[in-house]
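What follows is a short report on a single structure.
Laboratory data are not the source of any read-out in this text; all were calculated from the coordinates shown. Just so we're clear, the structure is a prediction, and the values are computed from it rather than from any experiment. Please note: Cβ atoms are built from the backbone with ideal geometry, for glycine as well, and neighbour counts cover all protein chains shown.
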Amino acid sequence: MTRNSRRTFSRHAYAARTIREISHFDTYVNHIVTVAWGAFMLRFVVDWLAGANSLPAIDVETPVARDPSAILQFLKRQQAVEEAPTPRERGLQFHREEFSRLFEAVEGWPTVEFITSHGLPIASVDDLPRSADGGIDVVVRIVTPTERGARIVAGRIRSMISNPKV
Amino acid sequence: MAKYEIAVEFKSNRVTRPVLHQTVGAAVHTRSEIREVIVRCISATRAAQDAAAKYNDDVPQLKNRAGDSVRVTLAVDPQER
């Protein structure tokens, strides 16, 4: 009985120890697998980083428009900007155009004469003052026998300047 | 003989209210017998157009040194108006 009980006990103890060992073995296997996997990944990362400089560059297609007509248009625009007249040149050109139109319109009118703000006569566009004039480009002097005639001529000149026929 | 003087100023840029006042003042100051000021421009601000209208509408009109009233016209380019 004692033997049996011992056997039984020892069998139980053996089973318990075996279970314990199996469970420990499983833990060990888990540890080993984890360490091995970690080492493998570390090795992989180290190899990858070490070979990053030596690897050939990857060609990436950037979405850049390489239309030759667009480049030509850009160059043409740049050239137009460079050749565009300055504000002063534009102002002088505007003055010349407007005065030419005015002079041509009243060319045959004997009652109208053009003078500068200081009283000098202006016969053509070239006589116009080109310096700062203080706000008057030209003075139109109308000399008529009657006041009514002067007003009529002034009204015509006004409408001529205000509504130029292009 | 009746005399009538018109001061004409051409502006190739945008005319503002101070520019209009300056031009009118210069014309009245420079020419004592000026009767009319015409400012021809490409474009003008609303304030400048109102000021030009006010010159002609107000009771104490602008007068030259001879005592005659001065008419102010702001002629904006019809294409740009």
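Taking the conditions (1) within 24 Å of residue B:2 (Cβ to Cβ); (2) away from chain B (no Cβ under 14 Å); (3) of a type in the set (A, V, I, L, M) in turn, residue A:75 satisfies each one other than (1).
Could you pull out every one of the strands (runs of 3 or more DSSP E) wholly within chain B that has 1 or more residues that are of a type in the set (S, T, N, Q) and more than 14 Å from the chain's Cα centre (by Cα)?
Correct list: B:2-15, B:34-44.
When the stretch B:1-36 is filtered for residues that are buried (at least 17 other Cβ atoms within 10 Å of the Cβ), more than 19 Å from residue A:95 (Cβ to Cβ) and among the acidic types (Asp, Glu), the ones remaining, listed by number, are B:5, B:36.
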